[in-house]
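Take this structure first; my questions come after.
The values are calculated or read from the model by the stated rules, or taken from the named source; none is laboratory data. Predicted, not measured: the structure shown is a model, and the values here were computed from it. As a convention, Cβ positions derive from the backbone with ideal geometry for all residues, glycine included, and neighbour counts pool all protein chains shown.
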Amino acid sequence: TQLLEQSPQFLSIQEGENLTVYCNSSSVFSSLQWYRQEPGEGPVLLVTVVTGGEVKKLKRLTFQFGDARKDSSLHITAAQPGDTGLYLCAAPEDTDKLIFGTGTRLQVFP
Amino acid sequence: KAGVTQTPRYLIKTRGQQVTLSCSPISGHRSVSWYQQTPGQGLQFLFEYFSETQRNKGNFPGRFSGRQFSNSRSEMNVSTLELGDSALYLCASSHRGGLGYGYTFGSGTRLTVV
């Protein structure tokens, strides 16, 4: 079974700070997705990256897929309390199976 | 467009009982996947169904089973419940499957086994 390791596991910051979350694996993936999950809800898809080296921006969030397609990062600029949640990376293991990373729990204080 | 609907939202069961959870995917989505989420293990894949066929299964005991109906609605069943089965059970649907297309998740069913 392939593993997706995320770091850091927990992150507690003040509003306005920048942060980066990492997702690493020893396996090569055809694509990688990032989700955010809020308490009591299911994860919500933020982005899918497909090409090695690809960078996608979603407002204050920047996602990058590693050149070798083994890792990815999520950078948040000027974090806001609304960014609080559990961030999960995910990648296909088989044609019909998506595996999820260990998760990064982010808390942004006003 | 209605989202993924899971019922019930909350459930309390006693050890040894069995439970059935339901998931209605987004209209037109034929793939339904089930995940178990716990604080210690994160999101663990249970199984995936497409057009009533189980295409993939995670590393869970046989007490965990599922099925999909012709209208793509899916159910999962857990028999002989154990305390360790307490978790958030999430259902996700997609048009074809998880590879690169992304899932839409339901809000989950919170199962507590006492």
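How many residues does the stretch B:2-50 contain that are polar (S, T, N, Q), closer than 17 Å to residue B:88 by Cα and not in a loop (DSSP other than H, G, I, E, B)? First the steps, then the outcome.
Going residue by residue through the stretch B:2-50, those that are polar (S, T, N, Q) are B:5-7, B:14, B:17-18, B:20, B:22, B:24, B:27, B:31, B:33, B:36-38, B:41, B:44.
Okay, now just the ones that are also closer than 17 Å to residue B:88 by Cα, so B:5-7, B:14, B:18, B:20, B:22, B:24, B:33, B:36-38, B:41, B:44.
From the residues that got through so far, the ones that are not in a loop (DSSP other than H, G, I, E, B) too are B:5-7, B:20, B:22, B:24, B:33, B:36-38, B:44.
Total satisfying the criteria: 11.
Looking only at the stretch A:38-51, filter to residues that are surrounded by fewer than 22 Cβ atoms within 10 Å (Cβ to Cβ) and within 8 Å of chain B (Cβ to nearest Cβ); which one of those is farthest from residue A:70 (Cα to Cα)?
Top of the filtered list is A:40.
Look through the stretch A:78-110, keep the residues that are assigned to a loop (DSSP other than H, G, I, E, B) and exposed (fewer than 15 other Cβ atoms within 10 Å of the Cβ), and return whichever of them is nearest to the other protein chains (Cβ to nearest Cβ).
Among residues in the stretch A:78-110 that are assigned to a loop (DSSP other than H, G, I, E, B) and exposed (fewer than 15 other Cβ atoms within 10 Å of the Cβ), the one nearest to the other protein chains (Cβ to nearest Cβ) is A:95.
Related question: Looking at (1) over 14 Å from the mean Cα position of the chain (by Cα); (2) closer than 21 Å to residue A:33 by Cα, which one does residue B:13 not meet, given that it meets all the others?
Here residue B:13 meets the rest and fails (2).
Give the residues of the stretch A:13-39 that are more than 16 Å from the chain's Cα centre (by Cα) and outside any loop (DSSP other than H, G, I, E, B), sorted by residue number.
A:13, A:14
Within the stretch A:65-77, can one find any residue that is assigned to a loop (DSSP other than H, G, I, E, B), free of Cβ contacts under 8 Å to residues at least 24 places away in the same chain and farther than 22 Å from residue B:33 by Cβ?
Filtering the stretch A:65-77 for residues assigned to a loop (DSSP other than H, G, I, E, B) gives A:66-70, A:77.
Narrowing further to those that are free of Cβ contacts under 8 Å to residues at least 24 places away in the same chain: A:66-67.
Now drop any that are not farther than 22 Å from residue B:33 by Cβ, which leaves A:66-67.
Yes, there is a match, as at least one residue in the stretch A:65-77 is assigned to a loop (DSSP other than H, G, I, E, B), free of Cβ contacts under 8 Å to residues at least 24 places away in the same chain and farther than 22 Å from residue B:33 by Cβ.
Here's another thing I want to ask about it. Residues that are more than 14 Å from chain A (Cβ to nearest Cβ), more than 10 Å from the chain's Cα centre (by Cα) and surrounded by fewer than 18 Cβ atoms within 10 Å (Cβ to Cβ): does the stretch B:89-98 have at least one?
No - not one qualifying residue is present in the stretch B:89-98.
This table checks each residue for (1) touching a Ser or Thr at 6+ places or on another chain (Cβ under 6 Å); (2) of a type in the set (A, V, I, L, M); (3) farther than 16 Å from residue B:110 by Cβ.
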residue: B:31; (1), (2), (3): yes, no, yes
residue: B:37; (1), (2), (3): no, no, no
residue: B:64; (1), (2), (3): no, no, yes
residue: B:72; (1), (2), (3): no, no, yes
residue: B:83; (1), (2), (3): no, yes, no
residue: B:87; (1), (2), (3): yes, yes, no
residue: B:91; (1), (2), (3): no, no, no
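With A:39, A:8, A:92, A:81 as the choices, which residue is closer than 22 Å to residue B:44 by Cβ and modelled with pLDDT of 95 or more?
Criteria check complete, one pass: A:8.
Continuing with the same structure: Which of the residues that make up the stretch A:14-27 are more than 14 Å from chain B (Cβ to nearest Cβ), more than 13 Å from residue A:80 (Cβ to Cβ) and among the hydrophobic types (A, V, I, L, M, F, W, C)?
A:21
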